[in-house]
Amino acid sequence: MDADDGEQLSSIHRQDLIGMIRNAEKIAAQQKIHVELMEDQLEKLQSELSTRGGTGAGKQDVHEVVPLLHNNSVHSLHEELSSLRKENMSLKDDLEALKAEFGDVKGTDDRVLILEEERSSLESALKELELKLAVSQEDVSKLSTLKFECKNLWEKVEHLQALLDKATEQADQAISVLQQNQELRKKVDRLEGSLEEANAYKSSSEKLQQYNELMQQKIKLLEERLQRSDEEIHSCVELYQESVKEFQETLNSLKEESKRRAVDEPVDHMPWDFWSRLLLMIDGWFLEKKISTNDAELLREMVWKRDGSICDAYMACKEKNEHEAIATFLRLTSSSTRAGLHVIHIAAEMAPVAKVGGLGDVVTGLGKALQKRGHLVEIVLPKYDCMQYECIRDLRALDVVLESYFDGRLFKNKVWVGIVEGLPVYFIEPHHPGNFFWRGEVYGEHDDFKRFSFFSRAALELLFQAGKKPDIIHCHDWQTAFVAPLYWDLYAPKGLNSARICFTCHNFEYQGSAPASELASCGLDVHQLNRPDRMQDNSAHDRINPVKGAIVFSNIVTTVSPTYAQEVRTAEQGRGLHVTLNSHAKKFIGILNGIDTDVWNPAADTSLKVQYSANDLQGKAENKEAIRRHLGLSSADVRQPLVGCITRLVPQKGVHLIRHAIYRTMELGGQFVLLGSSPVPHIQREFEEIANHFQSHKHVRLILKYDESLSHLIFAASDMFIIPSIFEPCGLTQMIAMKYGSVPIARKTGGLNDSVFDVDDDTIPPQFRNGFTFLSPDEQGVNSALERALNHYKNNSRSWQELVEKVMRIDFSWDSSASLYEELYEKSVTRARSARSRV
Ligand SMILES: Nc1ncnc2c1ncn2[C@@H]1O[C@H](COP(=O)(O)OP(=O)(O)O)[C@@H](O)[C@H]1O
């Protein structure tokens, strides 16, 4: 509107100015004409005057009149003229000024044009704004409907929230009911267990009663017989005297025979390495087709019996070439008798060459213990790139190619032999493009299922092609669980049928289940095996479960402690397999692991600063001092208790309770050393932060790595050892700790419950009490045991020392556990033999 006004004003002003100019010009023109007319009149008058002045007489008059006239009119004319001129001049000036003003007006015109353009652009912008206004008005109307809807929704949400609150309340009630149910379930399970035991006890006491009656009858008979024989005795005395003579003669002949037998006694002075080397040499000859199956079998048995003649033969041909050596050995292949069982372990771990956890310790410890008891024990392992090769003696590749089936074709394998801890070991190196055991790790690869199903099949193929006739094939954990179905489905029909299968599950948390189709790669029939009573996973029907397969297909199923064997038969700890275990309960048993006392013996442990024993504990104190110095901990107080912990840092081990124990020990005035590492990144990070926090602390140190020799030092140096596991199938560290005089503080679960008994528990016979235990897996639980232990240590040093000596003397060797395995093996083999002979 302003622009319009301006424009209007300026156009009026302009027109006025033009009008004024035009008027001025008109007036100027008229004035000019007027001036010209006046000038013409003036000229005419002048010429008239000059004419009149020429006549004489008359001139005087005229001169008199004319000058008057002339003077007046000319003067007025002049005045008129000059005023006209002035007027004209001022008009000209005005004209000039008007022209200048006109020029300004023209400039104004241009500005007006620009303003005009601006106005039109403003106009279009205005239109746009109007449009937008219209749109936003529409939006506003929509918004108000939305607001309305929103309000409605809000009311509904509030209503739902109320319902949710109600539902949560009900769910809480349901959970508490569920928990009560679980408690009840547990109680029922326990009662069932007790009932079973009571039944067993009842039946055995009934048998005992029958037996007593029988015995009494027998005693009666014997008494009668005794009376009769009294009478006979007299007559016999004579005979006896005669017999004495005869006996003397027999005795002499027996002495002779015993002398002869002594020559055939097993050679005990040769180390196990020697016998294993002999065995591998014979197997090598057989696989390289240099000796026959029969000869190999006979020679193996001689080695197995530690026969003196085969030892002599080896000594005799030490310097000879292979051909002569074979000839010497073949001369020995005369008749021989069987001594013990032939046991072959197929496993993914073996300490110390390929150890990740307790499984490795079991394979070696049990293997050595069985070997000592007179059984022939062999181990089959994958040939990992990351093995401790320095722990293998006489490692060599056999000149033979072992072909085994996988994914529809045959793959070549290289077979290596070597001796580990005195045991003969076969290492299988697959020539498969997957480079299965060339990963720098034992486990944790994306294709573990493939890697270990391949290995299980190749291991059986090796036994088959080597013509072995084992009594027991013992497989471990899900990695070699495939052996059980492979043996019965594929190898027993081929002729490798002498064996019973024993499967040991070291931890039911790891079951290796996979999509069913993956089972076909190793040659198993998916269709036949993916069934609820065979290998089908109990919670996912399109998956197969190798551990379940081994439970179903093995003759003996064991786990690593009696308490864990009970625990895994419940829904909570069986991880889905409790149903399977319960339906195969007859062949399922828990046997507590032992520890390898050749490796874990403070009196002979070369990793220690000073060796020591229960009879002389001075060395233990020196090791404590040494580790404090080594780790930069304070040594100011010799009596300050040191708590140790060596573990994989995984949830099973109660990592949050370990963390709590570190801080609580510090508060109670103790020192804490943790050695451990975690495959779980966030746990590893969390402990790295704690380690950094205590980096230069005087009383706490965390070493986050795997370090075998440091572990020996910590066991020896610590006064107490904490194991707050959430669940623990067996656990070895509590036993190792005790062997080294470190008193265990442990949660009552699995194998810990079978090996650690509380010093304050009156229900346990005093001779078995050996540590501090707690039941509830929480901080209060840890505190209660930790505080009791530290108080005992501080306030009763005499009694503490007695406790240390006592725990060091407990026998945790493999001897008793190996004898239980031996018994299981023998029973199973005997059953199979009698079944075969019946057929
Ligand atoms: N960081 C470590 N460094 C050295 N040895 C370790 C470490 N962590 C665990 N170990 C050893 O591994 C074995 C653990 O066996 P066990 O107690 O049965 O637990 P798991 O088999 O569940 O790991 C023990 O011999 C223990 O000394």
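Given the conditions (1) within 16 Å of the ligand (Cβ to nearest atom); (2) modelled with pLDDT of 95 or more; (3) under 29 Å from LYS827 (Cα atoms), which single one is not true for CYS391?
(3)
Conditions: (1) within 26 Å of GLU823 (Cβ to Cβ); (2) part of a helix (DSSP H, G or I). THR597 meets all but one. Number of the miss?
Failing condition for THR597: (2).
Surrounded by 15 or more Cβ atoms within 10 Å (Cβ to Cβ), away from the ligand (no atom under 16 Å from the Cβ), at pLDDT 95 or above and assigned to a helix (DSSP H, G or I): is that true of LYS620 in this structure? If you could, list the steps in order and put the result at the bottom.
Details: surrounded by 15 or more Cβ atoms within 10 Å (Cβ to Cβ): yes; away from the ligand (no atom under 16 Å from the Cβ): yes; at pLDDT 95 or above: yes; assigned to a helix (DSSP H, G or I): yes.
Yes; evaluated as a whole, the condition is true for this residue.
Among residues belonging to region 352-369 that are within 10 Å of the ligand (Cβ to nearest atom) and among the charged types (D, E, K, R), point out the one that is surrounded by the fewest Cβ atoms within 10 Å (Cβ to Cβ).
Applying the filter and picking the extreme gives LYS355.
Kindly check whether there is at least one residue in region 306-314 that is buried (at least 23 other Cβ atoms within 10 Å of the Cβ), touching a helix residue (DSSP H, G or I) at 6+ places or on another chain (Cβ under 6 Å), over 22 Å from SER813 (Cα atoms) and at pLDDT 90 or above. Steps first, answer last, please.
Of the residues in region 306-314, the ones buried (at least 23 other Cβ atoms within 10 Å of the Cβ) are 310.
Filter again for touching a helix residue (DSSP H, G or I) at 6+ places or on another chain (Cβ under 6 Å), leaving 310.
Checking the rest, the ones that are also over 22 Å from SER813 (Cα atoms) come to 310.
Checking the rest, the ones that are also at pLDDT 90 or above come to none.
Taking every residue of region 306-314 in turn, none turns out to be buried (at least 23 other Cβ atoms within 10 Å of the Cβ), touching a helix residue (DSSP H, G or I) at 6+ places or on another chain (Cβ under 6 Å), over 22 Å from SER813 (Cα atoms) and at pLDDT 90 or above.
Return the residues of region 432-473 that are among the small types (Gly, Ala, Ser), assigned to a loop (DSSP other than H, G, I, E, B) and touching a Ser or Thr at 6+ places or on another chain (Cβ under 6 Å); say none if nothing qualifies.
Selection gives GLY467 alone.
Quick test for you: out of LEU381, LEU398, pick the one residue that is touching a Gly at 6+ places or on another chain (Cβ under 9 Å) and either more than 16 Å from the ligand (Cβ to nearest atom) or hydrophobic (A, V, I, L, M, F, W, C) (or both). If you could, list the steps in order and put the result at the bottom.
Values: LEU381 fails: touching a Gly at 6+ places or on another chain (Cβ under 9 Å).
None of the other options fit; the residue is LEU398.
Before we move on, is SER276 modelled with pLDDT under 85 and not in a strand (DSSP E or B)?
Details: modelled with pLDDT under 85: no; not in a strand (DSSP E or B): yes.
So SER276 fails the test.
Working only within region 709-738, note down all residues that are within 8 Å of the ligand (Cβ to nearest atom) and among the aromatic types (Phe, Trp, Tyr).
Of the residues in region 709-738, the ones within 8 Å of the ligand (Cβ to nearest atom) are 710-711, 715, 723, 728-734, 736.
The answer is PHE715, and nothing else.
Look at VAL547 and say whether it is surrounded by 22 or more Cβ atoms within 10 Å (Cβ to Cβ), under 22 Å from the mean Cα position of the chain (by Cα) and β-branched (Val, Ile, Thr).
Considered against the rule, which asks whether it is surrounded by 22 or more Cβ atoms within 10 Å (Cβ to Cβ), under 22 Å from the mean Cα position of the chain (by Cα) and β-branched (Val, Ile, Thr), VAL547 comes out as yes.
In this structure, does LEU581 turn out to be within 16 Å of the ligand (Cβ to nearest atom) and either assigned to a helix (DSSP H, G or I) or not polar (S, T, N, Q) (or both)?
Here the answer is no, as LEU581 does not meet what is asked.
List the helices (runs of 4 or more DSSP H) that sit entirely inside region 287-377 and contain at least 1 residues that are more than 29 Å from GLU822 (Cβ to Cβ) and of a type in the set (Val, Ile, Thr).
Numbers: elements: 293-304, 308-316, 322-330, 358-372.
Here the list reads 322-330.
Among what's in region 584-610 and is out of contact with any strand residue (DSSP E or B) (no Cβ under 9 Å at 6 or more places or on another chain) and away from the ligand (no atom under 16 Å from the Cβ), pick the residue that is nearest to PHE508 (Cα to Cα).
Once the filter is applied, the top-ranked residue is ALA585.
With the requirement that a residue be more than 15 Å from the ligand (Cβ to nearest atom) and part of a helix (DSSP H, G or I), what does region 556-566 give you?
PRO562, ALA565, GLN566
Look through region 662-700, keep the residues that are touching a residue at least 60 places away in the same chain (Cβ under 8 Å) and charged (D, E, K, R), and return whichever of them is surrounded by the fewest Cβ atoms within 10 Å (Cβ to Cβ).
Restricting to residues being touching a residue at least 60 places away in the same chain (Cβ under 8 Å) and charged (D, E, K, R), the top hit is LYS698.
Only residues that are in contact (Cβ under 8 Å) with a residue 24 or more places away in the chain and part of a loop (DSSP other than H, G, I, E, B): list them for region 497-518, please. Give the derivation first.
So the first thing to find is which residues in region 497-518 are in contact (Cβ under 8 Å) with a residue 24 or more places away in the chain, and the list is 498-516, 518.
Of everything in region 497-518, those that are in contact (Cβ under 8 Å) with a residue 24 or more places away in the chain and part of a loop (DSSP other than H, G, I, E, B) turn out to be SER498, ALA499, HIS506, ASN507, PHE508, GLU509, TYR510, GLN511, GLY512, SER513.
Residues in region 370-391 that are surrounded by fewer than 17 Cβ atoms within 10 Å (Cβ to Cβ) and of a type in the set (Ser, Thr, Tyr): how many?
Of the residues in that region, 1 qualify.
Give all pairs with beta carbons closer than 6 Å in which a residue from region 709-728 that is of a type outside the set (A, V, I, L, M, F, W, C) meets a residue that is more than 9 Å from the ligand (Cβ to nearest atom) and assigned to a helix (DSSP H, G or I); count only pairs at least 6 apart in sequence or on separate chains.
From region 709-728, the pairs are PRO724/LEU657; PRO724/VAL782; GLU728/GLY750; GLU728/LEU752.
Among the residues of region 628-641, are any touching a residue at least 24 places away in the same chain (Cβ under 8 Å), in the same structural domain as PHE721 (by TED's automatic domain parsing), surrounded by fewer than 17 Cβ atoms within 10 Å (Cβ to Cβ) and under 24 Å from VAL782 (Cα atoms)?
Yes, region 628-641 contains at least one residue that is touching a residue at least 24 places away in the same chain (Cβ under 8 Å), in the same structural domain as PHE721 (by TED's automatic domain parsing), surrounded by fewer than 17 Cβ atoms within 10 Å (Cβ to Cβ) and under 24 Å from VAL782 (Cα atoms).
The values are calculated or read from the model by the stated rules, or taken from the named source; none is laboratory data. Because the structure is a prediction, the values reported are computed rather than measured. No Cβ is skipped: glycine too gets one built from the backbone with ideal geometry, and neighbour counts run over all protein chains shown.
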